[in-house]
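Participant: Take a look at the following structure, please.
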Amino acid sequence: MATQKLLCNLSLIFLLFFHFHYGTCELQLNYYSQTCPNAEEIVKEQVISLYHKHGNTAVSWLRTLFHDCMVQSCDASLLLESINGIQSEKISTRNMGMRNFKYINTIKDALESSCPMTVSCADILALSARDGAVMLGGPRVEMKTGRKDSKVSHLAEIDASLPNHNDSMMYVLARFQSVGIDVEGTVALLGAHSVGRVHCLNIVDRLYPTVDPTMDPNYAKYLMGRCPHPNPDPTVVEYARSDRESPMILDNMYYKNLMKNKGLLTVDQELLSNPITSPYVEKMAADNAYFHEQFSKALLILSENNPITGDDGEVRTDCRFVNRD
Ligand code: HEM
Ligand SMILES: *[C@@H]1O[C@H](CO)[C@@H](O)[C@H](O)[C@H]1NC(C)=O
């Protein structure tokens with residue numbers, strides 16, 4: 001650990017001296033190679049075993065990384081519970097429907113028993129999303145580690161950071177641009193909606209009082225069957241699938257559906273109706289390997305958004321709480 005820090009500081013001085021940017025020092029491949037050599041293996045084993053018990057955990061890890069990283073930093077702030085002056089980000093309406101948080105603790109417990117107080121929750125979120133994508137038939141992303149966990153919640157910043165289901169594509173593109181993800185990358189990342197579910201609350205404004213005229217009528221019929229109430233009770237679990245053919249496979253079916261006007265959220269269908277994004281939709285619909293390649297690149301950029309690497313952060317012992325020390 002000491003040598004790692006020394007090397008990091010030396011290279012920092014070197015890089016500053018030669019006027020390079022010193023971002024390379026922040027995260028690194030295999031950050032835990034000395035302190036917890038099996039860290040990445042342990043995460044992978046846990047993600048696999050959780051997937052076999054509850055397949056949708058793998059789906060959750062993708063959304064969890066997005067909702068953590070897009071709000072300020074990949075710092076596991078999303079995982080904090082409301083206690084001791086902290087207001088949990090989980091109560092935000094943007095985070096509605098998020099699930100499987102308790103299994104993050106399962107992964108953390110496995111790491112704590114091998115390497116106590118070493119592997120951050122922020123790195124667990126990154127690595128589990130990476131390994132979850134593989135379980136869903138998606139690409140494998142080479143991710144760096146070394147993120148620290150925040151000591152605060154960013155609840156107040158969520159609405160201005162995470163796009164809503166009905167925001168304009170120009171707004172969505174600007175949000176992703178602000179974390180270094182270009183148009184092609186944004187189109188690819190939304191392909192995560194190839195897996196999982198959407199609650200009726202986020203769909204009904206496209207169905208009632210009149211059906212969105214851009215929507216395929218048969219798909220609208222399916223959605224109205226799934227969501228028969230114009231004002232769904234938010235406490236009732238009523239949801240629909242974006243990709244009915246392969247809701248557990250991270251593939252380009254999402255783009256094929258968009259091309260048939262079977263996009264679920266307003267933002268999904270906007271990818272096709274917006275002339276800036278539609279050429280990428282067509283390319284991704286035609287070529288799954290291209291989708292996977294762009295998805296990997298964009299997920300990597302997302303996973304490296306503004307990490308905490310110094311003493312501003314910590315390695316939480318329990319992902320739900322700031323350390324008491
Ligand atoms: C403009 C950007 C985005 C918007 C507005 C958006 C919005 C939403 C909404 C409203 C839901 C349904 C939540 C529910 O009702 O339970 C959802 C689900 C989901 N989103 Fe996104 N999302 C966006 C981008 C992303 C990105 C970039 C990822 C990951 C890379 C992602 C991954 C997921 C996943 C996996 C689900 C399914 C969750 C589950 O089944 O539990 N989303 N998203
Ligand atoms: C977007 O949907 C939310 C509910 O999820 C609603 O409050 C808001 O008015 C909608 N915005 C637009 C522009 O339709």
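Participant: Quick check on segment 101-121. Is at least one of its residues surrounded by fewer than 15 Cβ atoms within 10 Å (Cβ to Cβ), β-branched (Val, Ile, Thr) and assigned to a loop (DSSP other than H, G, I, E, B)?
Facilitator: no
Participant: With (1) farther than 19 Å from MET169 by Cα; (2) polar (S, T, N, Q); (3) within 16 Å of ligand 2 (Cβ to nearest atom) as the list, and SER246 as the residue in question, which single condition is left unmet?
Facilitator: Among (1) farther than 19 Å from MET169 by Cα; (2) polar (S, T, N, Q); (3) within 16 Å of ligand 2 (Cβ to nearest atom), the lone unmet condition for SER246 is (3).
Participant: Still on this model: From PRO217, PRO247, PRO279, PRO275, grab the single residue that is within 27 Å of THR93 (Cα to Cα) and in the same structural domain as LEU190 (by TED's automatic domain parsing).
Facilitator: That would be PRO247, the only listed residue that is within 27 Å of THR93 (Cα to Cα) and in the same structural domain as LEU190 (by TED's automatic domain parsing).
Participant: If you don't mind, another one. Have a look at ALA188, ALA192, ALA160 and point out the one that is within 16 Å of ligand 2 (Cβ to nearest atom) and out of contact with any Pro (no Cβ under 8 Å at 6 or more places or on another chain).
Facilitator: ALA160
Participant: Within segment 297-308, which residues are crowded, with 18+ Cβ neighbours inside 10 Å and of a type outside the set (Asp, Glu)?
Facilitator: Of everything in segment 297-308, those that are crowded, with 18+ Cβ neighbours inside 10 Å and of a type outside the set (Asp, Glu) turn out to be LYS297, ALA298, LEU299, LEU302, SER303, ASN305, PRO307, ILE308.
Participant: Same structure again: Please indicate, with yes or no, whether at least one residue in segment 124-134 is under 19 Å from LEU62 (Cα atoms), in contact (Cβ under 8 Å) with a residue 12 or more places away in the chain and out of contact with any helix residue (DSSP H, G or I) (no Cβ under 8 Å at 6 or more places or on another chain).
Facilitator: no
Participant: Could you please find all residues in segment 60-99 being at pLDDT 95 or above, over 25 Å from LEU27 (Cβ atoms) and away from ligand 2 (no atom under 16 Å from the Cβ)?
Facilitator: Listed by number, the residues that qualify are GLU81, SER82, ILE83, ILE86, GLN87, SER88, LYS90, ARG99.
The values are calculated or read from the model by the stated rules, or taken from the named source; none is laboratory data. Bear in mind that the values here come from a model prediction, so they are computed numbers and not experimental data. Positions of Cβ are backbone-derived with ideal geometry, glycine not excepted, and every protein chain shown enters the neighbour counts.
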